[in-house]
Amino acid sequence: MNEEICIKPIAHIYNDYVEKFGIPRQSGIVREVESRIVFVPEYRDINAVRGLEGYSHIWLIWGFSEAGQQAGEWSPTVRPPRLGGNIRMGVFSTRSPFRPNSLGLSSVCLTGIETEGKEPPVLTVSGADIKNGTPIYDIKPYIGYSDCHPEACSGFAEQVKDKGLQPVISQELLERIPIRKRAAVMGILTQDPRPGYQQDENRMYGFRFADMNIKFVVEGVRIIVKDIEFNL
């Protein structure tokens, strides 16, 4: 019996995360970022989402399309950035993109279902930790009574979870950010976009969000925006 299966995208996700740097490390962390899920023509049927309007959250199964590994490549251990990049952990105890099957799993808030227009249905969600254009392989409803485990232990991830930084930005720079994107930018900054192994307070960092390149430095618990450039 052949246990291999072939999967193909049912949709793609579109948002303002134009590069990996700056994307939250987990779903639901920056809820201010909105994404649209557009189905490929083969699965573009409003009957396929009938009943989904009754759920507040959904699971997305998606592909690490930029992991850069070849088919069949994998390592039993990886180096999680949140541990400084020097400590190896078992791949199955992490959410590293470098896995036997490059699949990601995210829980997001379902904020709307568009049934009109050129490409219905289109799902709008908040809190995704997924790069713009990423393929979505499946969508499942989040069921609170079975999917939520308040008593769960989070292993080493609990020890290195983000404590949160204090964003500092001048009024001049703040006004450069479109009003509807300001909360999202602040949310990303609060979570500290830097990899865990980069803690140089003398270094200027930057992340791209929408058409902006936001440059910042970190001083203690403050993350200070120094400049905002626009990609023309």
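From the set of residues in the range 154-163 that are surrounded by fewer than 12 Cβ atoms within 10 Å (Cβ to Cβ) and either assigned to a loop (DSSP other than H, G, I, E, B) or in contact with a Leu (Cβ under 8 Å, 6 or more places away or on another chain) (or both), which is modelled with the lowest pLDDT?
LYS163
Please determine whether any residue of the range 39-46 is farther than 24 Å from PRO80 by Cβ and of a type in the set (A, V, I, L, M).
There is at least one residue in the range 39-46 that is farther than 24 Å from PRO80 by Cβ and of a type in the set (A, V, I, L, M).
So, of the residues in the range 196-209 that are part of a loop (DSSP other than H, G, I, E, B) and touching a Phe, Trp or Tyr at 6+ places or on another chain (Cβ under 9 Å), which turns out to be least open to solvent (accessible area, probe 1.4 Å)?
Among residues in the range 196-209 that are part of a loop (DSSP other than H, G, I, E, B) and touching a Phe, Trp or Tyr at 6+ places or on another chain (Cβ under 9 Å), the one least open to solvent (accessible area, probe 1.4 Å) is GLN198.
Looking at ALA157, is it over 30 Å from TYR43 (Cα atoms) and among the hydrophobic types (A, V, I, L, M, F, W, C)?
yes
Residues being open to solvent by 30 Å² or more (accessible area, probe 1.4 Å) and either in contact (Cβ under 8 Å) with a residue 40 or more places away in the chain or within 19 Å of VAL30 (Cβ to Cβ) (or both): count how many of those fall in the range 166-195.
Residues meeting the conditions: 15.
Against the definition (open to solvent by less than 30 Å² (accessible area, probe 1.4 Å) and more than 18 Å from ILE136 (Cα to Cα)), how does VAL38 come out, yes or no?
No: the conditions fail for VAL38.
Hey, could you check the range 176-195 for residues that are at pLDDT 95 or above and either part of a loop (DSSP other than H, G, I, E, B) or among the aromatic types (Phe, Trp, Tyr) (or both) and say which is farthest from ASP227 (Cα to Cα)?
PRO178
Please go through (1) open to solvent by less than 70 Å² (accessible area, probe 1.4 Å); (2) within 22 Å of CYS148 (Cβ to Cβ); (3) in contact (Cβ under 8 Å) with a residue 40 or more places away in the chain for ARG25 and return the number of the only condition it doesn't satisfy.
The failed condition is (1).
Can you find, within the range 103-119, the residue that is most open to solvent (accessible area, probe 1.4 Å) among those that are under 28 Å from CYS6 (Cα atoms) and not hydrophobic (A, V, I, L, M, F, W, C)?
GLU119
The values are calculated or read from the model by the stated rules, or taken from the named source; none is laboratory data. None of the values given here were measured: they were computed from a predicted structure. When we count neighbours, we look across all protein chains shown, and the Cβ atoms used for this are built from the backbone with ideal geometry, even at glycine. Remember, those area values only see protein heavy atoms, side chains included, never the ligands or the DNA or RNA. Shrake-Rupley method; radii C 1.70, N 1.55, O 1.52, S 1.80 Å.
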